[in-house]
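Participant: Supplied in structure tokens, the structure appears directly below.
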Amino acid sequence: MRGVVAAIPGRHSAVFAAVAPAGYSRSKVVASRTLLLNSTYEPVKVIGWQRAVTMLVLGKVEVIRTYDAVLRSRTWSVPTPAVVRLMEFVRRRRMRIAMSRRNIFYRDAYQCQYCMRRLPARELTCDHVTPRSQGGVTSWDNLVTACGPCNRRKGGRTPEQARMRLRHRPVRPESLPIEFALNLGASQLPESWRDYLGWVAAVDAA
């Protein structure tokens, strides 16, 4: 993809301020994202397409995959980068995983932690192991996935009080796949990202 850099005049981010992929509205472009890989092909974060192009012309990344949309100005055009790889290795700091209903379900493999039935998300709830009425807090180590019947049976009691077996003690996960860090379903992920999603990535909201 070196020819892409050669096609872009200048080396300043301001060049891209008014550029948009052909056929895309400005609002849709702002929401578009590029997957940034470390030099080892491990996902690092998700960045905006403008930052990706800026890093490209500065020689900090190479383009691995592109979208069909094309970035155009009056003097040049380039494919919109979908996946870029850093030319030099960057050491990553550990990221905290956001606690959410969806991430709780993923950690527990979409299984009720009492009856162990695997169910679709619409049939699952989050249960406080120690009820809030008894001083329980909303945290990774006090929330588990539960089906509706088990949640109703347990009610405002602890598993011991309800004589229900909790199959796995809840813990904070060390990592989650990028689609969960991004709060995206698998069907929403760009096809060009799928070969690189076996690792954990953090979201860059900028």
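FYI, it's all coordinate maths here, none of it is from the lab. All values derive from a computational prediction rather than experimental measurement. Positions of Cβ are generated from backbone atoms using ideal geometry, with glycine treated the same way; all protein chains shown enter the neighbour counts.
Participant: Just rank D195, D127, fewest to most, by other beta-carbon atoms within 10 angstrom. Write out the running numbers ahead of the final one.
Facilitator: Working: D195 11, D127 23.
Placing the least packed residue first, the sequence is D195, D127.
Participant: Residue by residue, what Karplus-based ³J(HN,Hα) values in Hz, rounded to whole numbers, does segment 165-171 have, using 6.51, -1.76 and 1.60 with θ = phi - 60° and x for Gly and Pro?
Facilitator: Residue by residue, segment 165-171 yields 8, 8, 5, 9, 5, x, 9 Hz.
Participant: Fewest first, what order do V63, V53, V137 take by the number of other Cβ atoms within 10 Å? Provide the component values of the computation, followed by the final result.
Facilitator: Working: V63 21, V53 25, V137 10.
Ascending Cβ contact count within 10 Å gives the list V137, V63, V53.
Participant: Assign unit charges at the C-beta atoms only (+1 for Lys and Arg, -1 for Asp and Glu), then state the dipole size of segment 101-154 relative to its Cα centre in Debye, rounded to the nearest 20.
Facilitator: The dipole of segment 101-154 has a size of about 180 debye.
Participant: DSSP loop (so not H, G, I, E, B), at most 10 other Cβ within 10 Å: list which trypsin sites (Lys or Arg not before Pro) in segment 54-147 pass both filters.
Facilitator: R74, R91, R93, R94, R96
Participant: Just for the Cα atoms in segment 101-154, what are the lengths along the principal axes, largest first, rounded to whole Å?
Facilitator: 29, 23, 16
Participant: Would you please name the chymotrypsin sites (Phe, Trp or Tyr not before Pro) within segment 66-157 that are DSSP coil residues with at most 10 other C-beta atoms within 10 Å of their C-beta?
Facilitator: When the chymotrypsin sites (Phe, Trp or Tyr not before Pro) of segment 66-157 are filtered for loop state and at most 10 Cβ neighbours within 10 Å, F89 remain.
Participant: Only counting other Cβ atoms within 10 Å, I'd like L71, L124 sorted with the fewest neighbours first. Provide the component values of the computation, followed by the final result.
Facilitator: Values: L71 25, L124 22.
The most exposed by this proxy come first: L124, L71.
Participant: Something else now. Quick one: which residues, 5+ away or cross-chain, put their amide H under 5 Å from the amide H of A69? H built at 1.01 Å from N.
Facilitator: T80
Participant: Taking amide H positions as placed in the peptide plane 1.01 Å from N, state which residues far from L143 in sequence (5 or more) or on other chains have amide H under 5 Å from it.
Facilitator: Residues meeting the criterion, in which the H sits 1.01 Å from N, are V129.
Participant: Here's a follow-up. Given Cα pairs under 8 Å that are at least 6 residues apart, what percent is the relative contact order of segment 101-154?
Facilitator: About 39 percent, as a whole number.
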